[in-house]
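Right, one structure below, let's go through it.
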Amino acid sequence: SASFPPVLRNGIADAAIAKGCLLIHDLADASAQARAADGLREIRSAFGATACQLLQINDPQGKPPAVGAYVGGPLLQLVTSHLQHRLQQLIAIVREKRQGLKNTLRSWLGGKKGGTEHAAAGAASVRDPSSARYASTTMEAYLRQIGDYAFLLHDLPTALSYYREAAGEFKRDKAWRHYGSAQEMIAVCLLGSEGSRRDIDDALEKASGAYLRASVSPGDLQARFATRVALMQHEGLRRHPSKQRTREVAEVLVNQSTNETELVAALLLEQAARTFVAFRAAPLVRKFSFYLILSGYRYVSCGQRKHAVRSYSAALREYAGRGWTHIEDHVHFSLARNCATLGQIGASLGHFVLLLGHSRQPPERQQTFAKELFNILRANPQTAPLPDLTLPRFDNKSIAVILNDHMKRSGFAAEQALSGEHPLWKALVRPLLPAVEASTANW
């Protein structure tokens, strides 16, 4: 037992596991044939004939070892028979515990069944639901083990029944991680037995909610379990595709992204974006583009700029030519900066040319774009061939000439006149005047 994994040594997992012995015989050693036969008889007398097998290697004729035959034959038979036997044992143990006098009285009084070990585990789970651990001899553990063994034997109705019982026990103990796991297995059993979509969705939603209740920080183990549930819901779209269902699953992925690390959140947002257009009869193109941009931002946050460029580029193909200038400019600028960081100077300059080739942005934003462009050109003087940049264009209708009051013509509107004391006029003229004149108020 000293060589067992910690979960077996600590009594968390069922220690009654199938045990088999495999004696490996090297055929290259001709003198070891007799010792192999004697060794096989010895271990069979100690552990039983069905649990011990001989595997021959290094056959002189070049035949490969019959590992597959051993795994699919004697080993599979050993494990299957052990699971069947252990399943019946556990069912009998649960039935006996439930029919005991103490448990009958406890059930009448509204308490739990299962004895002191059960109560201790339940109390521990209430104190710290995220770290609740049940010993393998508690009632909750027996129920979960029966469900697992029945599931491995493909007895889905039995597994489903005991998973539901175990889920009820875990919920009463507020052991949310165990409750979420049981609900997840309920959904798997329903999927395998052609259960209703409503029941499957209900189980998956309960599983996700329980995992997130046990989660203490984004991206921890419980949050990762909730992500697995979200991906199971996404996989279920193949069975029941519809516009409404597609939108619901995409929103599940989006919501789960807030509980994950930057990288996993980026992957979930990208998958959500593609889910919005998965139902080709009614694709939601704008949502697809929007969440691709969000995934690109998350990719940048975790240093995955190549994936960010891929996401931004896919979004730009949908936004281009639609007249959504602010979004299009934002995508061009993000692509320009990320391409420059990746060393793709030509592609970066191409996006800057598209940004500065029109005057749709306010002056402050154009100044930001130009400053970033100049920094890239300054850092890459040899490898940055500047493409043809369109000269600024002015709207003649927006240009007005405002005269000084000394030159004011008769009939000129007073509000259009610009006196020498006007702050705007002073700011324009001061740089052109000598220092002495600029210091006087009357010039």
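Just need a number here: residues in segment 19-44 that are over 30 Å from Gly62 (Cα atoms) and open to solvent by less than 40 Å² (accessible area, probe 1.4 Å). Show your work before the answer.
If we filter segment 19-44 for residues that are over 30 Å from Gly62 (Cα atoms), which is where we start, we get 19.
Still in the list and also open to solvent by less than 40 Å² (accessible area, probe 1.4 Å): none.
Final tally of qualifying residues: 0.
Could you look through segment 199-226, keep only residues that are among the polar types (S, T, N, Q) and within 23 Å of Ala166 (Cβ to Cβ), and pick out the one that is surrounded by the most Cβ atoms within 10 Å (Cβ to Cβ)?
For segment 199-226, the residue satisfying everything is Ser208.
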Taking only pairs six or more apart or across chains, which ones have beta-carbon atoms under 9 Å, a first residue in segment 341-362 that is closer than 24 Å to Gly323 by Cβ and touching a residue at least 24 places away in the same chain (Cβ under 8 Å), and a second residue that is of a type in the set (A, V, I, L, M, F, W, C) and not in a helix (DSSP H, G or I)?
-> Phe352/Leu389; Val353/Leu386; Val353/Leu389; Leu356/Leu389; Gly357/Leu389; Ser359/Phe394
Can you give me the number of residues within segment 1-16 that are in contact with a helix residue (DSSP H, G or I) (Cβ under 9 Å, 6 or more places away or on another chain), surrounded by 12 or more Cβ atoms within 10 Å (Cβ to Cβ) and not charged (D, E, K, R)?
-> 4
Considering segment 254-269, residues that are outside any helix (DSSP H, G or I) and open to solvent by 30 Å² or more (accessible area, probe 1.4 Å), and then whichever is nearest to Gln222 (Cα to Cα), we arrive at Asn259
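Please indicate, with yes or no, whether at least one residue in segment 31-45 is β-branched (Val, Ile, Thr) and touching a Cys at 6+ places or on another chain (Cβ under 9 Å).
yes
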Tell me, yes or no, whether segment 270-278 has at least one residue that is open to solvent by less than 60 Å² (accessible area, probe 1.4 Å), of a type in the set (Phe, Trp, Tyr) and within 15 Å of Leu316 (Cα to Cα).
-> no
Any residue in segment 270-286 that's more than 9 Å from Leu253 (Cα to Cα) and basic (Lys, Arg): show its pairings with residues that are at pLDDT 90 or above and buried (at least 23 other Cβ atoms within 10 Å of the Cβ) at Cβ separation under 9 Å, as long as the two are six or more apart or on different chains.
-> Arg274/Ala250; Arg274/Tyr291; Arg274/Leu292; Arg286/Phe276
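Which residues, counting only those in segment 185-198, are over 17 Å from Ala166 (Cα atoms) and surrounded by 15 or more Cβ atoms within 10 Å (Cβ to Cβ)? Please lay out each step first, then the result.
Initially, segment 185-198 is screened for residues over 17 Å from Ala166 (Cα atoms), giving 191-198.
Within segment 185-198, Leu191, Gly195 qualify.
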Search result, residues across segment 161-176 that are modelled with pLDDT of 95 or more and of a type in the set (Asp, Glu) = Glu165
Note down all Cβ pairs under 6 Å where the first residue falls in segment 229-247 and is outside any helix (DSSP H, G or I), the second is of a type in the set (Lys, Arg), and they're at least six residues apart or on different chains.
-> His240/Arg197
Ser107 at pLDDT 80 or above and either surrounded by 13 or more Cβ atoms within 10 Å (Cβ to Cβ) or not aliphatic (A, V, I, L, M) (or both) | no
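The values are calculated or read from the model by the stated rules, or taken from the named source; none is laboratory data. None of the values given here were measured: they were computed from a predicted structure. When we count neighbours, we look across all protein chains shown, and the Cβ atoms used for this are built from the backbone with ideal geometry, even at glycine. Heads up: the accessible areas ignore ligands, DNA and RNA and are worked out on the full protein's heavy atoms, side chains in. Shrake-Rupley method; radii C 1.70, N 1.55, O 1.52, S 1.80 Å.
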